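Below is one structure, written out as structure tokens, with a few remarks after it.
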Amino acid sequence: MTTPIPGWVEDMRPVVEARTTGLLLSTSERASGAAVVPTHQGASLALDFADAPPGRAGLGRTFIGFGDARVATCFVTCVASRHRPSEWPLACTGVVEAARLEGGEPPPPPGVVLGAATWAVHHARTTASISAVTVTILGVLAVATRKKPRSRV
């Protein structure tokens, strides 16, 4: 799946990864016939059945790539059927572990607005100070340059 983006900052990664992991889990649940929960295991996600004693249901892996001012996400999953349990490791676990994303480009640099917003979030005290000084100066200028009322005689 690809989505246009105005630029990339690493603060966006957790949200994109969470969305991709959600797609991986929902696909794995449909394929296995039961709810699965993730547990991290290196570069891959170990998947367990949610309503059973601990035991591997399968493996999954997510990827994030970039190209043409877009972020591309994809995943690969290998999961056993809940109704026909298989011995671990499954035949397809090697495919998941060997999977990789090729042909990606570097992430696009953030635009002015995204870069400024990210800087403001990471430097909150400085941003608040600059904002307070700016508001104070603008307030003084508004009072000093207002039209004076004329007296009627």
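The values are calculated or read from the model by the stated rules, or taken from the named source; none is laboratory data. Computed from a predicted structure; not experimentally measured. All Cβ positions, even for glycine, are placed from backbone atoms using ideal geometry, and neighbour counts span all protein chains on display. When the accessible area is computed, the model is the full protein with side chains, heavy atoms only, and any ligands, DNA or RNA have been set aside. Shrake-Rupley method; radii C 1.70, N 1.55, O 1.52, S 1.80 Å.
Annotations
- Only DSSP H runs of four or more residues enter the estimate; each adds -39500 (n - 2.57), and after division by the residues of the chain the mean residue ellipticity at 222 nm equals -12500 deg cm²/dmol.
- Net lengthening on full extension, LEU141/VAL95 (0.36 nm per residue, minus Cα-Cα): 9.9 nm
- Considering all different alpha carbon pairs of the range 1-73, the Kirkwood hydrodynamic radius works out to 13.4 Å.
- Helix 124-144 axis, angle to the chain major axis (alpha carbon atoms, nearest 10°): 30
- Taking the chain as a whole, the Cys residues whose C-beta sits 4.7 Å or farther from every other Cys C-beta are CYS74.
- Surface listing: ARG100, ARG19, ARG82, ARG152 arranged by accessible area from highest to lowest gives ARG152, ARG100, ARG19, ARG82, probe 1.4 Å.
- For the range 23-65: relative contact order, % (alpha-carbon pairs under 8 angstrom, 6 or more apart): 30
- Annotation: extensible slack from THR3 through TRP119 equals 39.4 nm (criterion: 0.36 nm per residue apart, minus Cα-Cα distance).
- Around the Cα centre of the chain, unit charges on the Cβ atoms of Lys, Arg, Asp and Glu (plus for the first two, minus for the last two) sum to a dipole of about 1400 debye.
- The chain: Cα Rg divided by the 2.2 N^0.38 Å rule of thumb: 1.76
- Cα-based helix-to-principal-axis angle, 13-32 vs the chain, degrees rounded to 10: 30
- The angle between the Cα long axis of helix 112-122 and the main principal axis of the chain comes to about 80°, on a 0 to 90 degree scale.
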